[in-house]
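Colleague: This is the structure I want to talk about, given as structure tokens.
The values are calculated or read from the model by the stated rules, or taken from the named source; none is laboratory data. None of the values given here were measured: they were computed from a predicted structure. Quick reminder, even Gly has a Cβ in these numbers, built from the backbone with ideal geometry, and neighbours come from all protein chains shown.
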Amino acid sequence: MTTEIKQLKKENLIVRIFEDEIAAGEAGAQFVAEQLNNAIRAKGFANLILATGASQFAFIHALKKQEIDWAKITVFHLDEYKDLPETHPASFRKYLKERILDEVKPCQVHYIHGDAGDIEGEIARYEELLRAAEIDVACIGIGENGHIAFNDPDVADFDDTRLVKVVQLDDACRRQQLGEGWFSTLEEVPGEAVSLTIPAIMRCKVISCMVPDKRKANAVHDTLNAEISTACPATILRRHPDTVLFLDENSASRLT
């Protein structure tokens, strides 16, 4: 059973706080499953964006257990390191395949191939797919530096005309990837990634944002309390009409 401690709202953003990461993940999975099932009932199919990273472990595990007709779902993913092969342990394509998609077998999966030889052609291909699709649910997280997807403060653009682009990763972002154990040294962490832009995320109908862990407490505090600006890109979620932020006690520890 998911134990919800508190619920609050900051502008448009609904915030739900749970006792631990497992409870938050289960609640997030139930919420996403409900949204997907509603879309399937309404139009016969659903489009879903999935995030990766350590913050999504409990959520992804719980999502696999939900009653969802995956044969009617098309999955997109949020970002991928540039020039990193899928065989690398840190590959987000590898993460999604091994942790959920090979098991649930969606109707179709569209991956970002960050190691494509023609990266601009790959970006154009992915943008075309996104423009043609209404995304029913985007599952995202928030980085320690306040990023959403790989839109770090230095590259985030609330008015970006692109839906997908190559971005530079800042030092805080690269250190987070190292700290989560995906790489052995900071030098191994790629300096660039292919990422959905902030407008690509904001155009999704519903956003489920899963952010557990004490190391995210400062980013969560700023997301809810800082001025809405690219200094903390996640602040823009307060303007989305249908976003829910799922926290555990650790990530909510700086909220009063």
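Colleague: Report every pair of residues separated by at least 6 positions or lying on different chains whose Cβ atoms are under 9 Å apart, first residue within region 137-164 and closer than 26 Å to residue 215 by Cβ and surrounded by fewer than 19 Cβ atoms within 10 Å (Cβ to Cβ), second among the acidic types (Asp, Glu) and modelled with pLDDT under 95.
Modeller: Sorted first by the residue in region 137-164, then by its partner, the pairs are 153/170; 154/170.
Colleague: Just to be sure, is residue 46 under 18 Å from the mean Cα position of the chain (by Cα) and either at pLDDT below 95 or over 14 Å from residue 211 (Cβ atoms) (or both)?
Modeller: Taking the combined requirement at face value, the residue satisfies it.
Colleague: What are the pairs, 6+ residues apart or on separate chains, where a residue within region 25-51 that is touching a residue at least 60 places away in the same chain (Cβ under 8 Å) has its Cβ under 7 Å from a residue that is surrounded by fewer than 24 Cβ atoms within 10 Å (Cβ to Cβ) and in a helix (DSSP H, G or I)?
Modeller: Cβ pairs passing all conditions: 25/58; 25/61; 25/62; 45/72; 46/39; 46/40; 46/72; 50/96.
Colleague: If you don't mind, another one. Only one of these is part of a loop (DSSP other than H, G, I, E, B), at pLDDT 95 or above and either touching a Leu at 6+ places or on another chain (Cβ under 6 Å) or of a type in the set (D, E, K, R) (or both): 17, 68. Name it. Show your work before the answer.
Modeller: Values: 17 fails: part of a loop (DSSP other than H, G, I, E, B).
Among 17, 68, only 68 is part of a loop (DSSP other than H, G, I, E, B), at pLDDT 95 or above and either touching a Leu at 6+ places or on another chain (Cβ under 6 Å) or of a type in the set (D, E, K, R) (or both).
Colleague: Oh, and also: Scan region 20-34 and tell me whether some residue there is part of a loop (DSSP other than H, G, I, E, B), within 25 Å of residue 214 (Cβ to Cβ) and in contact with a helix residue (DSSP H, G or I) (Cβ under 8 Å, 6 or more places away or on another chain). Even if it seems obvious, please write down each step before you answer.
Modeller: Applying the first criterion (part of a loop (DSSP other than H, G, I, E, B)) to region 20-34 yields 20.
Filter again for within 25 Å of residue 214 (Cβ to Cβ), leaving 20.
Of the ones still in play, those that are also in contact with a helix residue (DSSP H, G or I) (Cβ under 8 Å, 6 or more places away or on another chain) are none.
No, region 20-34 contains no residue that is part of a loop (DSSP other than H, G, I, E, B), within 25 Å of residue 214 (Cβ to Cβ) and in contact with a helix residue (DSSP H, G or I) (Cβ under 8 Å, 6 or more places away or on another chain).
Colleague: Among the residues of region 49-65, write down those that are under 14 Å from residue 210 (Cα atoms) and part of a loop (DSSP other than H, G, I, E, B).
Modeller: Selection gives 51, 52, 53.
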